[in-house]
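In what follows, a structure is listed as structure tokens, so that the remarks can point back to it.
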Amino acid sequence: MEGASELVLRLKKLNGEFDPLFAVSANATDACRHYLSDSIKDAKSLVLVSEQKGKIVGLLKADLRDRTFYQPRKEGAIVEFYILPEYRRKRLGEELIEEAVKALKRKGAQIITAEFPSQNQIAVNFYSKRGYRPLVSVYATEKV
């Protein structure tokens, strides 16, 4: 669990590099542990890890959602996806995505989506190459 929560924390810190509205909180380390622990227990969540020589080097977390107003109705949403830099470009990400899609389909997903910060060009390129396209935009303001 510790290695997996460290990857989630690294992802959250990376998100903060793309946009200051994603700056991690002081309690982010504990929050990552609880988040993953809760996700593993939740039947509507999927957590996959990739391990190399006893070390967790990749993580994918997805959630099964009901799109009440739309067809297809069941969505498998990839909400966390991180591979340690030294393990990228070795098909590891592709394998995690493939396994996640299979598992989400078994759980009833009819559409697969991926969520990440809009400014994360690495993720934009990764998903675009695999046939994903933009679906929703979220805009924020700090002027409240």
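A compact table of results
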quantity	calculated
Residues of the range 58-82 satisfying the condition of being hydrophobic (A, V, I, L, M, F, W, C) and surrounded by fewer than 21 Cβ atoms within 10 Å (Cβ to Cβ)	L64, F69, A77, V79
Criterion violated by K55 - all others in (1) out of contact with any Ser or Thr (no Cβ under 8 Å at 6 or more places or on another chain); (2) under 27 Å from G108 (Cβ atoms) satisfied	(2)
Among (1) out of contact with any helix residue (DSSP H, G or I) (no Cβ under 7 Å at 6 or more places or on another chain); (2) touching a residue at least 40 places away in the same chain (Cβ under 8 Å) - the single one D63 does not satisfy	(2)
Residue within the range 24-46 that is part of a strand (DSSP E or B) and either touching an Asp or Glu at 6+ places or on another chain (Cβ under 7 Å) or free of Cβ contacts under 8 Å to residues at least 40 places away in the same chain (or both) present	yes
Whichever residue in the range 71-102 is touching a helix residue (DSSP H, G or I) at 6+ places or on another chain (Cβ under 8 Å) and not charged (D, E, K, R) and, among such residues, is nearest to K129 (Cα to Cα)	G93
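The rows are residues; the columns are (1) within 28 Å of A43 (Cα to Cα); (2) buried (at least 18 other Cβ atoms within 10 Å of the Cβ).
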| residue | (1), (2) |
| --- | --- |
| L96 | yes, yes |
| L104 | yes, yes |
| S128 | no, no |
| S137 | yes, no |
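A short reminder: the numbers here are calculations on the coordinates, not readings from a lab. The structure displayed is predicted, hence computed values, not measured ones. Please note: Cβ atoms are built from the backbone with ideal geometry, for glycine as well, and neighbour counts cover all protein chains shown.
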